[in-house]
Amino acid sequence: MAEGDTDVSICSQALLLLGANQITSFSDGTAPSSICSVLYPRIKSQTLGMYHWSFTLSKTSLARLATTPTNFYSYAYQLPSDMFLNVPRVVYTSTSTSAPNTTEYEIQGDKLLTNQTTIVVDYQRLVSEQDMPSYFTQLLVYQMAWHLAEPITDQITKSDYWKTVALGTPTENMRGGYFRQAINIDGAGQSKTVIADYLLTEVRS
């Protein structure tokens, strides 16, 4: 994991790349800190959602709620509180290692509705900076440098430069640059099924 990294330190590293001063907090009274406080949560969320990062993956059995849906489905299950975007990657109908998955469910807010009596989900969880590996925090630094460049330096060319560093050229469809290196590092710790699933998603998009 990236030892000692915080939301503020990630933004500070991005500011240094732009030739600006570091910040001490998101409320230190400076213009950069104010901009970072607005941009960082959104950029972090977007970057987490760009790929099935191994350090975000989790599996859990859902608790069935006592209240039942008003129609169509028979059961309601509580989704994990740390689920990223409240969208499970895979939904299974058993705790067995060979459990079949299902698409017969509906997400309503923080609940999953289905007719199945047992539900297990694979999902991405929203993680804190202390749980992020160094290759991901470095990607976040480059992502923040891209988005901070224009409001901090008033130079579009710097924004374009850091966008290319983070995600590559337009011909790479935002899947190049350091992002490609980061997913290669992350993919080394994932099964071929996860990587294949990601590649199929890319083809369909």
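Every number here is computed from the coordinates shown, using simple stated rules; none is lab data. Since we're looking at a predicted model, the values are computed, not measured. Backbone-built Cβ (ideal geometry, glycine too); neighbour counts: all protein chains shown.
First check a/c for region 87-169, with a ≥ b ≥ c the square roots of the eigenvalues of its C-alpha gyration tensor; if it is under 1.5, answer rounded, and if not, answer prolate when a/b is larger than b/c or oblate otherwise. Verdict is prolate for region 87-169. Put in line by how crowded their Cβ is, counting other Cβ atoms within 10 Å and starting with the fewest, E104, E129 read E104, E129.
Here the dipole of the chain is about 440 debye; that uses its Cα centre as origin and unit charges on the Cβ of Lys and Arg (positive) and Asp and Glu (negative). Where does the Debye-calculated log10 I(q)/I(0) of the chain sit at q = 0.11, 0.18 Å⁻¹, using only Cα point scatterers of equal weight, no solvent? Those come out to -0.63, -1.19, one per q. With a Förster radius of 22 Å applied to the beta-carbon distance between D122 and R175, the computed FRET efficiency rounds to 0.45. Close Lys pairs in the chain (alpha-carbon distance under 28 Å; sequence gap of 8 or more, or different chains): 7.
Grab the Cα-Cα distance for L16 and A99, subtract it from 0.36 nm times how many residues apart they are, and report the gain in nm with one decimal.
Values: separation 83, 0.36 × 83 = 29.88 nm, distance 4.94 nm.
Answer, rounded to one decimal: 24.9 nm.
Taking a ≥ b ≥ c as the square roots of the eigenvalues of the Cα gyration tensor, region 56-124 is classed as oblate, since a/c reaches at least 1.5 and a/b does not exceed b/c. Placing unit charges on the Cβ atoms of the charged side chains and taking the dipole of the chain about its Cα centre, the candidate lying farthest along the positive direction among S58, V141, T68 is T68. Taking other Cβ atoms within 10 Å as a rough exposure proxy, V38, V90 sort from fewest to most as V38, V90. Placing +1 on the Cβ of every Lys and Arg and -1 on the Cβ of every Asp and Glu, with no other charges, gives region 56-124 a dipole of roughly 100 debye about its Cα centre.
Hydropathy first: keep DSSP H helices in the chain averaging at least -0.5 on Kyte-Doolittle, then drop any whose Cα extent along the axis falls short of 20 Å, and list what survives. Length and hydropathy pass: 31-48, 134-153. Charge tally for T117 (other residues, Cβ to Cβ under 15 Å; Lys, Arg +1; Asp, Glu -1): 0. Approximating the spin labels as points 7 Å out from Cα along Cα→Cβ, the L65-to-E150 distance works out to 4.1 nm.
Electrostatic bookkeeping for H147 treats Lys and Arg as +1 and Asp and Glu as -1; over the other residues with beta carbon under 10 Å from its beta carbon, the sum is +1.
When the label point is put 7 Å from the Cα of Q130 along its Cα-to-beta-carbon vector, which residues of region 26-66 have a backbone N closer than 19 Å? Residues 26, 55-57 fall inside that zone.
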